[in-house]
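Presented below is the structure to which this report refers.
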Amino acid sequence: MTNTPSITARAQKSRVHKTQDGVILSFTTVRHPPEGFSPAPRAIGLIELQDGSKVMGSLIVPSELTLAIGMRVKPRMRLERINAEGLRIYDIGYELLAEKPVSTEKFNGYILALTGPSGVGKSTISKLLAHKVSDYVEKVPILTTRAAKEGDGDEYLYISQEEFSALKKKGEIVAATQIPSKTEKRWYGYRSKDIEAIWQHGKLPVVITEMHLLQGLSEHFGRRSILSCGLLPPGKSKRARLSALLHRLRTRGRDTEEHIKDRIKNAEADLDFFRERKELFDHLIVNEDLETVTTTLSGHVLELVKA
Amino acid sequence: MDESIEAALKNAPCSALDIDYVIVANMLAERVNGQAQLGALAASLLPHHPPALRAEAACASGSVALHTACALLESGRAETVLVIGVEKMTDASTEAISAGLMAASDAEKEAPTGLTFPGIFGLITNRYMHEYGLTRDELNLVSAMHHKNAVENPFAQFRTAIPAEKISKSPLVADPLCLLDCSPISDGAAACILSTKFESPIKLAASALTTDALSLTDRATITSFSATKDAMERALAEAEITRDMISHIELHDCFSTAALIALEDMGYATPGHGISLYKEENPNRTLNKSGGLKACGHPVAATGVKQVLDIAKQLTASKKQYGLAHNFGGAGATCCITVLENTL
């Protein structure tokens with residue numbers, strides 16, 4: 001009864017559907033395939049096809065490639081098995097392509113990330129941005145274990161070291177970092193629920209971040225979820241950029257000289273990071289003039305909202 | 001079956017003649033043993049041949065039989081029901097058993113690719129490791145703990161402790177899963193009696209049955225089973241308790257990753273952190289004290305009934321109030337959670 005017209009029609013439809021390129025979501029190698037199949041270990045994958053549907057399929061792995069999640073595959077008709085009556089059964093298998101694996105994380109929405117050394121103007125820019133496109137963006141609060149300071153905006157949520165560790169252990173903090181400082185031990189991080197709540201409001205979460213937090217976010221939500229903008233202080237050389245930062249930090253008068261020293265030291269690493277981890281940034285913006293920067297950024301925001 | 005019925009009657013406040021319905025849970029008998037009509041077969045083991053039926057939901061057959069018994073009792077159709085889970089697997093070849101078990105997956109979307117059940121959980125484990133960074137060494141802890149627990153259980157199939165590092169050194173079955181990550185092929189029968197007429201100190205506080213898409217290709221994620229989440233929510237609501245009030249848990253660890261996913265879906269750990277409960281044991285809650293499916297054995301349809309009996313034994317011994325058995329079929333397409341209450 002396996003060759004009735006309805007079964008044949010369904011099988012043909014399924015074969016047409018399976019003839020699409022795809023991406024490997026997961027794979028395994030069955031060491032002892034069922035009776036009827038070749039006894040050699042059999043690579044099988046769960047594949048997301050171009051139309052967003054998923055299928056199971058045997059994998060054809062060229063000898064020079066190694067299987068990995070996120071690899072692209074193309075469909076190919078292959079002999080799957082020979083049944084007891086000697087009938088040769090063909091089906092769609094998927095052949096691995098020699099391309100760089102892509103992210104297969106669940107896509108929840110976009111996040112706008114502003115990264116840059118302290119003093120470059122991240123908070124000011126995000127405030128201006130929130131003002132300019134307030135209908136579309138919302139700032140994600142930063143959890144911190146450091147004490148509140150005068151001049152802090154509303155961007156921080158202050159919690160104790162113990163609370164921070166507890167949240168981290170529970171997996172509620174998606175990205176966390178400890179910013180080295182001579183004077184105190186400070187942790188910073190983001191809670192996934194804050195970001196998810198903003199998505200639920202239909203807005204674009206904006207995070208003010210630094211290198212470790214950016215990497216954490218990118219690992220958690222997937223690189224393609226993040227529109228990552230690096231903010232650079234004006235100046236042609238590293239020395240000129242650092243001195244511009246030093247000047248800003250001193251004039252804003254929020255930190256003691258000791259803190260400023262720490263911050264400049266960290267800023268140096270941040271500037272190197274822009275060069276070393278280019279792939280983490282979509283745009284590098286020099287903050288020469290606030291108006292230009294906010295206009296550029298709100299342009300990006302509107303593009304994302306439309307997308 | 002005969003032995004399990006005898007044991008159930010020995011511990012019950014009623015006699016064989018009080019049983020007015022029999023439900024048999026079984027998955028593979030007609031395919032592997034050439035025997036169908038297990039209801040009549042089981043009823044013939046009782047002197048008065050009561051009415052009987054058979055329940056099948058792959059590995060969840062046992063708990064689905066219990067759920068069916070609850071429905072009969074609640075409707076008033078029966079007052080005392082004998083529930084038996086039975087599976088005879090070792091008579092058949094491994095190939096025949098693998099093919100039989102694969103019938104629990106989607107016959108059009110999954111089986112034709114040459115997948116086996118370890119293969120399906122190989123896919124799940126690989127994805128889980130990719131998403132949450134679980135390491136192979138961490139995964140070893142799951143089977144190691146189940147084997148350690150089974151040493152104390154006289155009914156377990158494997159009463160030997162196995163050190164964690166040996167788990168991943170066993171032969172690969174479907175990478176990253178090794179032989180010692182997989183529950184074995186077992187023979188077994190378990191029986192219990194549910195009644196609205198006779199009293200027992202152990203009461204069934206909830207039985208929640210849920211289902212999900214049969215094929216993994218039709219689900220949004222393969223690292224969490226929505227059937228388990230729903231069943232847990234319903235079971236807690238039915239028993240009117242919170243998850244923290246549960247003192248003993250028997251998990252459906254057909255493959256070691258399944259135990260971790262179950263703990264996360266039941267809300268005992270956040271996604272990706274199920275392993276933390278195997279790293280640090282909770283003094284107020286036991287996990288798979290029987291040895292679980294891995295070490296106690298997994299006679300497919302007997303498992304669901306056996307888990308509930310284990311919880312009853314654990315509650316009686318510890319004098320704690322609540323225990324829970326989590327049983328699912330296939331790769332989580334059917335899930336049934338049973339909550340027991342110790343009224344003593």
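The values are calculated or read from the model by the stated rules, or taken from the named source; none is laboratory data. Keep in mind it's a predicted model, so treat the numbers as computed, not measured. We place every Cβ from the backbone using ideal geometry, glycine too, and count neighbours over all the protein chains shown.
One table, with the values for the structure above:
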{"item": "Pick from the range A:63-112, criterion outside any strand (DSSP E or B) and touching a Pro at 6+ places or on another chain (Cβ under 6 Å), ranking: surrounded by the fewest Cβ atoms within 10 Å (Cβ to Cβ)", "result": "A:Ala68"}
{"item": "Positions within the range A:89-119 being within 14 Å of another protein chain (Cβ to nearest Cβ) and modelled with pLDDT of 85 or more, in sequence order", "result": "A:Ile89, A:Tyr90, A:Asp91, A:Ile92, A:Gly93, A:Tyr94"}
{"item": "Of all residues in the range B:1-59 being polar (S, T, N, Q) and in contact with a helix residue (DSSP H, G or I) (Cβ under 8 Å, 6 or more places away or on another chain), the one that is farthest from B:Ile185 (Cα to Cα)", "result": "B:Ser15"}
{"item": "Tally of residues being within 17 Å of B:His298 (Cα to Cα) and more than 14 Å from every other protein chain (Cβ to nearest Cβ) across the range B:181-201", "result": "8"}
{"item": "Residue that is farthest from the other protein chains (Cβ to nearest Cβ), among those in the range A:22-49 that are part of a loop (DSSP other than H, G, I, E, B) and in contact with a Pro (Cβ under 7 Å, 6 or more places away or on another chain)", "result": "A:Pro39"}
{"item": "Filter result for the condition that a residue is buried (at least 24 other Cβ atoms within 10 Å of the Cβ) and either within 19 Å of B:Thr221 (Cβ to Cβ) or among the acidic types (Asp, Glu) (or both), over B:Ala295, B:Ala269, B:Ala262, B:Ala325", "result": "B:Ala262"}
{"item": "Some residue of the range B:272-286 being polar (S, T, N, Q), within 25 Å of B:Asn126 (Cβ to Cβ) and in a loop (DSSP other than H, G, I, E, B)", "result": "no"}
{"item": "Strands (runs of 3 or more DSSP E) wholly inside the range A:188-307 containing at least 3 residues that are crowded, with 17+ Cβ neighbours inside 10 Å and in contact with an Asp or Glu (Cβ under 9 Å, 6 or more places away or on another chain)", "result": "A:204-209, A:226-232"}
{"item": "Members of the range B:4-32 found to be assigned to a helix (DSSP H, G or I) and touching a Cys at 6+ places or on another chain (Cβ under 8 Å), listed by number", "result": "B:Ala8"}
{"item": "All positions within the range B:55-80 that are part of a helix (DSSP H, G or I), among the polar types (S, T, N, Q), closer than 17 Å to B:Ala205 by Cα and in contact (Cβ under 8 Å) with a residue 60 or more places away in the chain", "result": "B:Ser63"}
{"item": "Answer residue from the range A:3-62, given it is farther than 18 Å from B:Gly122 by Cβ and of a type in the set (Lys, Arg) and is surrounded by the fewest Cβ atoms within 10 Å (Cβ to Cβ) among those", "result": "A:Lys13"}
{"item": "Residues that are within 21 Å of the chain's Cα centre (by Cα), facing chain A (nearest Cβ under 9 Å) and under 20 Å from B:Leu277 (Cα atoms), drawn from the range B:120-154", "result": "B:Ile124, B:Thr125"}
{"item": "Residue that is nearest to B:Gly332 (Cα to Cα) [pool: residues in the range B:99-109 that are facing another protein chain (nearest Cβ under 8 Å) and touching a helix residue (DSSP H, G or I) at 6+ places or on another chain (Cβ under 7 Å)]", "result": "B:Met102"}
{"item": "Matching residues in the range B:107-123 - criterion: being closer than 20 Å to B:Ala258 by Cβ and β-branched (Val, Ile, Thr)", "result": "B:Thr116, B:Ile120"}
